[in-house]
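Student: Quick one: this structure, given as structure tokens, is what I'll be asking you about.
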Amino acid sequence: MFESIKHFALLSNNLGSLVAGLLVFFISALIVFLIKDKFKKPPSFTGVFYLKIKTEHAAMKTYEGLSSFFVLTLINESATKAIGKIEKTYDIEKDGYYRPYTGKDRNTGDVVLTIERYYLGRNKMNIHISLKGDANGAQRSSSLVISLKRAKLKTSGVFTTTASDATGIAVFKNEKFQNNK
């Protein structure tokens, strides 16, 4: 059998070239897959992380320039999915006013983080957050979708939220932000 395969491969015809090309393609694809899957895995997203969103555009103009800060507690479900909880810790308004949220005033919610894995490019990360609102009713329930450029422990991207139909910049990292009281 080995001799017949060797003889077929040595024939100079279109079919032999096609088969040789397909073999090279599949072997190369397997090597790229193994490298990406085994050596270039996304980092673990189990632990405590921090999120900052800065509103650039909103239906309610007073939200523009507002920076909101969150703490996320995540646990990996798989290499491409993490779930967890989120709490809004403070806001910094456009004029620099610092508004902390503590205890029952915190807006809490659920988080689902997913990673889009690309074999020939950088992995991307998406976060969906469902905020429940606070006990006082000052912050309403809302949904927040964040698209991050890379699946890294420190990265940035864009967000969209149902709170005043706002959009802007998001920064995700595994270190606390320095608050500007």
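The values are calculated or read from the model by the stated rules, or taken from the named source; none is laboratory data. Just so it is clear, the structure is predicted and the values come from calculations on it, not from any experiment. Please note: Cβ atoms are built from the backbone with ideal geometry, for glycine as well, and neighbour counts cover all protein chains shown. All accessible areas refer to the heavy atoms of the entire protein, side chains included, with ligands and DNA or RNA removed. Shrake-Rupley method; radii C 1.70, N 1.55, O 1.52, S 1.80 Å.
Student: In the stretch 37-52, what count of residues is obtained for those that are closer than 14 Å to F159 by Cα and open to solvent by 10 Å² or more (accessible area, probe 1.4 Å)? Can you show your working first?
Tutor: The first filter runs over the stretch 37-52 and keeps only residues closer than 14 Å to F159 by Cα, leaving 51-52.
Now drop any that are not open to solvent by 10 Å² or more (accessible area, probe 1.4 Å), which leaves 52.
Number satisfying all stated conditions: 1.
Student: Then there's this: In the stretch 55-71, how many residues are part of a strand (DSSP E or B) and either crowded, with 18+ Cβ neighbours inside 10 Å or on the phi > 0 side of the Ramachandran plot (or both)?
Tutor: First, pick out the residues of the stretch 55-71 that are part of a strand (DSSP E or B): 55-57, 67-71.
Right, trim to either crowded, with 18+ Cβ neighbours inside 10 Å or on the phi > 0 side of the Ramachandran plot (or both) and you get 55, 67-70.
Residues flagged as part of a strand (DSSP E or B) and either crowded, with 18+ Cβ neighbours inside 10 Å or on the phi > 0 side of the Ramachandran plot (or both) within the stretch 55-71 amount to 5.
Student: Do you know which residues across the stretch 72-87 are open to solvent by less than 30 Å² (accessible area, probe 1.4 Å), closer than 24 Å to T102 by Cα and of a type in the set (A, V, I, L, M)? Give the derivation first.
Tutor: Keep residues of the stretch 72-87 that are open to solvent by less than 30 Å² (accessible area, probe 1.4 Å), which gives 72, 74, 82, 84, 86.
Restricting the remaining residues to those that are closer than 24 Å to T102 by Cα gives 72, 74, 84, 86.
Listed by number, the residues that qualify are L72, L74, I86.
Student: OK, next. More than 20 Å from T160 (Cα to Cα) and open to solvent by 30 Å² or more (accessible area, probe 1.4 Å): does that describe Y118? Full working, then the answer.
Tutor: Numbers: more than 20 Å from T160 (Cα to Cα): yes; open to solvent by 30 Å² or more (accessible area, probe 1.4 Å): yes.
The answer is yes for Y118.
Student: Being among the hydrophobic types (A, V, I, L, M, F, W, C), open to solvent by 70 Å² or more (accessible area, probe 1.4 Å) and at pLDDT below 90, is that true of even one residue in the stretch 135-151?
Tutor: Among the residues of the stretch 135-151, at least one is among the hydrophobic types (A, V, I, L, M, F, W, C), open to solvent by 70 Å² or more (accessible area, probe 1.4 Å) and at pLDDT below 90, which makes the answer yes.
Student: So the check is Cβ under 7 Å with 6+ separation or different chains; which pairs have a first residue in the stretch 57-83 that's touching a residue at least 40 places away in the same chain (Cβ under 8 Å) and under 25 Å from R117 (Cβ atoms) and a second one that's part of a strand (DSSP E or B) and open to solvent by 80 Å² or more (accessible area, probe 1.4 Å)?
Tutor: none
One line per residue, one yes/no per condition, for (1) over 19 Å from D165 (Cβ atoms); (2) of a type in the set (A, V, I, L, M, F, W, C):
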{"position": "G65", "(1), (2)": "no, no"}
{"position": "V71", "(1), (2)": "yes, yes"}
{"position": "A82", "(1), (2)": "yes, yes"}
{"position": "E87", "(1), (2)": "yes, no"}
{"position": "N107", "(1), (2)": "no, no"}
{"position": "K124", "(1), (2)": "yes, no"}
{"position": "S130", "(1), (2)": "no, no"}
{"position": "G133", "(1), (2)": "no, no"}
{"position": "R150", "(1), (2)": "yes, no"}
